[in-house]
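Structure record follows, encoded as structure tokens.
The values are calculated or read from the model by the stated rules, or taken from the named source; none is laboratory data. These numbers were taken from a predicted model, which means no experiment stands behind them. All Cβ positions, even for glycine, are placed from backbone atoms using ideal geometry, and neighbour counts span all protein chains on display. In case anyone asks, the SASA skips ligands and DNA or RNA and just uses the protein heavy atoms, side chains included. Shrake-Rupley method; radii C 1.70, N 1.55, O 1.52, S 1.80 Å.
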Amino acid sequence: MTDANTDAMTDAVAELIAILDLERLEVDLFRGQNPRTGWRRVFGGQVVAQALVAATRTVPDDRPAHSLHAYFMLPGDPRTPIVYEVERIRDGRSFTTRRVKAIQHGRAIFATTVSYQVVEEGLTHQPAMPAVAGPDGLLDGKALAAAGGTGMPEAIAAYFGRERPIALRPVDLNRYLPAGAGGRAPDPIFNVWLRAASALPDDPALHRAVLAYASDMTLLDVSLIPHGRSVFDPTIQAASLDHALWFHRPVKIDEWLLYAQDSPVAGGARGFARGQIFDRAGNLVASVAQEGLIRPTRD
């Protein structure tokens, strides 16, 4: 295992780049394809990323996206392409605003507002990156799935072992181990290193879109940690409800990033989770917030 990401482009990464290369149907109207998977619904991060690409294609290159705020309204059908309708809300001297609606079967399944800004200098501050083990020496997804004696449930090991465009290296696997008898419930904190599984073209907009895709990974699951559950638990109905993402600095998603996640509150069958994304130098490059459904079921 090495820090350098010099492998040839994997099939999963090539497929992700392809589905992010939306087809232009008309002015401000785009169509996105879905990957070939056996999933019953479209991955939320894919819809976020494709909507960001659609909005970005209507904005000058010198205005990078700095934030998006989105709502998931219906599960996406993986058998059907998604149409993205962009509305030009504002074109100001410093800021540009776009609204995007994702449509399937004549109904809106997702909507987001994206804000762009010309590059400016200003005051800066940020929190320190959590003091955790670096990605070197941590098991990657396939190694986690193959490692014997980890104690992880089969569904979780399969999730990390699946070929995907984003490589994941969890810092602490205890979150996925069976809870011991007695003692205090674990804190709702999860740290995972991530990056694209192979190098990407040098396109800042593409790197932001792939980061948007990855930002929906593992986040909602953190709100279930204190309850000894996970989104893989058949007694939990889990789904993302809304998603917010802020880009603070330029990002290279094909280099290791630490996704530091926590969940301050859950209630009303909903869990709220936050994420801070740091590069290896300790720079906070993005922040994420999400509320999702974590409804206990009887079966």
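Any chance you could run the full-extension gain for Arg274 through Ala18? It's 0.36 nm times the residue separation minus the Cα-Cα distance, nm to one decimal. Walk me through the numbers on the way to the answer.
On the way: separation 256, 0.36 × 256 = 92.16 nm, distance 2.90 nm.
So the extension gain works out to 89.3 nm.
On a per residue basis, the chain carries 50 Å² of accessible surface, using protein heavy atoms and a 1.4 Å probe. Considering only Arg99, Arg229, Arg162, the Gaussian network model of the chain with Cα springs below 10 Å gives its largest mean-square fluctuation to Arg162.
What's the carbon and sulfur percent of segment 257-299's accessible surface, probe 1.4 angstrom, rounded to a whole number? Of all accessible area on segment 257-299, carbon and sulfur atoms account for 47 percent. For Gly134, the amide hydrogen comes within under 5 Å of no other amide hydrogen, counting only partners 5 or more places away or on other chains and with H modelled in the peptide plane.
I need the fraction of alpha carbon pairs in segment 216-299 separated by more than 16 Å, rounded to a whole percent. Percentage above 16 Å: 52.
Given a Förster distance of 22 angstrom, what is the FRET efficiency for Asp62 paired with Val27, based on the Cβ-Cβ distance and rounded to 0.05? Don't skip to the end; give the middle numbers.
On the way: r = 21 Å, r/R0 = 0.95.
Efficiency at R0 = 22 Å is approximately 0.60.
Using a cut-off of 11 Å between beta-carbons, work out the net charge of the residues near Leu168 (Lys and Arg +1, Asp and Glu -1, Leu168 not included).
+4
Between Asn283 and His105, the FRET efficiency from the beta-carbon distance, with R0 = 35 Å, is close to 0.25. Taken over the C-alpha atoms, the chain has Rg and Dmax values of 18.9, 60 angstrom. Once C-alpha pairs closer than 8 Å and six or more residues apart are averaged by separation and normalised to the residue number of segment 178-299, the relative contact order reads 31 percent. Please work out the FRET efficiency for the pair Glu154 and Val265, using the Cβ-Cβ distance as r and a Förster radius of 35 Å; give the result to the nearest 0.05. E between Glu154 and Val265, to the nearest 0.05, is 0.70.
Once C-alpha pairs closer than 8 Å and six or more residues apart are averaged by separation and normalised to the residue number of the chain, the relative contact order reads 18 percent.
Full extension from Trp39 to Ala131: what is 0.36 nm times the residue separation minus their Cα-Cα distance, to one decimal in nm? Provide the component values of the computation, followed by the final result.
Working: separation 92, 0.36 × 92 = 33.12 nm, distance 3.56 nm.
Roughly 29.6 nm would be gained on extension.
Charge tally around Pro35: other residues with Cβ under 14 Å, Lys/Arg +1 each, Asp/Glu -1 each, net +1.
Per-residue ellipticity at 222 nm for the chain, helices alone: DSSP H runs ≥ 4 residues times -39500 (n - 2.57), over residue total, nearest 500 deg cm²/dmol? Before the final figure, lay out each step's value.
Details: 5 runs with 48 residues, N = 299.
The per-residue figure over the chain is -4500 deg cm²/dmol.
Phi-derived couplings, Karplus 6.51 cos²θ - 1.76 cosθ + 1.60 at θ = phi - 60°, listed residue by residue for segment 97-109: 10, 10, 10, 10, 10, 9, 10, 9, 6, x, 10, 6, 9 Hz, with x used for Gly and Pro.
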